[in-house]
Each structure stands twice: as structure tokens, then as C-alpha cells.
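Scroll down for the structure; my scribbles are underneath it.
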Amino acid sequence: MGKPLTEQELHNLAMNIVGKHLEAEGFEFMGVNSKPKKNPQFVCLKDKKLFFIVVRSVLHPQDPKVYDIPLMEKIKEHALSQNGEAYYAGVGLYNAVDRNLPVYLNEDYILEYEGIIKV
């Protein structure tokens with residue numbers, strides 16, 4: 001049995017997954033914050049518009065598409081004050097053998113990520 005990933009390691013993994021997706025979609029990174037409780041995680045520019053993106057790693061049995069509404073409303077208000085848009089990126093990370101077990105270092109995991117969700 002491997003070593004379970006810490007909260008920060010899971011967050012970093014989620015950040016990498018979302019970051020690669022944003023890069024592939026042509027977003028330009030203006031600011032990146034990898035601390036889990038410091039929001040938003042990404043401030044990006046695309047088509048002359050600012051995007052404020054909150055990233056969360058989500059474990060079983062939570063749904064990666066469900067977000068913290070009060071938090072995201074605050075981010076949305078901030079985004080609108082900057083003529084930007086707020087998005088949520090929930091990244092489901094599950095143990096490939098048993099979803100009830102933690103995700104272990106260097107072991108297979110299941111990824112559930114459908115892109116960023118506009119708030």
C-alpha cells in the first residue's frame with residue numbers, strides 16, 4: 001500500500017489538471033495561487049476578458065460539479081467588479097481500485113473533470 005496523498009498534494013494535482021486544460025484552451029495566466037484556501041487559484045486572460053477560476057480537488061462521495069455557493073458568489077462579485085467572469089473547476093480524484101480508499105502516491109486514480117463551470 002502506498003502513501004496517501006496529502007490535501008496539498010491532491011490540490012496540486014487538481015491545479016495541474018486544470019492548468020493544462022486552460023493552457024490547451026488558449027488561456028493566458030495572469031496569476032496563479034496554489035494555496036488551497038486562497039481564492040481564486042487562477043486569474044487568466046482570454047479574448048481580452050478576465051477569468052477568475054477557483055479549483056478544488058474533490059474526493060468520493062462528493063460531486064465535483066457541486067460548489068460552495070457563498071464562496072463562489074463572493075468570487076463572482078469580485079470578478080464582475082473587474083469586468084471579469086467567475087468559474088469553478090471541481091476535480092474528482094478517486095482511488096482506481098476502491099473509491100472509498102484514499103488516492104495513493106504513484107498509484108492509479110480515476111479522474112472526473114468536465115471543465116470549468118461558469119458561476
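When you go through Leu45, Leu111, Leu101 one by one, which is the residue that is free of Cβ contacts under 8 Å to residues at least 24 places away in the same chain, in a strand (DSSP E or B) and touching a strand residue (DSSP E or B) at 6+ places or on another chain (Cβ under 8 Å)?
Leu45
Considering only residues of the stretch 89-119 that are surrounded by fewer than 18 Cβ atoms within 10 Å (Cβ to Cβ) and of a type in the set (S, T, N, Q), which is farthest from Glu9 (Cα to Cα)?
Restricting to residues being surrounded by fewer than 18 Cβ atoms within 10 Å (Cβ to Cβ) and of a type in the set (S, T, N, Q), the top hit is Asn100.
Give me the pairs, please: first residue somewhere in the stretch 66-88 and touching a residue at least 40 places away in the same chain (Cβ under 8 Å) and exposed (fewer than 14 other Cβ atoms within 10 Å of the Cβ), second residue anywhere and among the β-branched types (Val, Ile, Thr) and not in a helix (DSSP H, G or I), beta-carbon distance under 8 Å, and either six or more positions apart or on two chains.
Glu73/Val119
Among the residues of the stretch 18-42, what is the count of those that are surrounded by 17 or more Cβ atoms within 10 Å (Cβ to Cβ) and in contact (Cβ under 8 Å) with a residue 24 or more places away in the chain?
Total meeting the criteria: 8.
Can you confirm whether the stretch 65-87 contains a residue that is farther than 17 Å from Val119 by Cβ and either in contact with a His (Cβ under 9 Å, 6 or more places away or on another chain) or of a type outside the set (Phe, Trp, Tyr) (or both)?
no
Every number in this text was worked out from the coordinates using simple rules, so none of it is lab data. Quick caveat, the model's predicted, so the values are computed rather than measured. Virtual Cβ from ideal backbone geometry, glycine too; neighbours counted across all protein chains shown.
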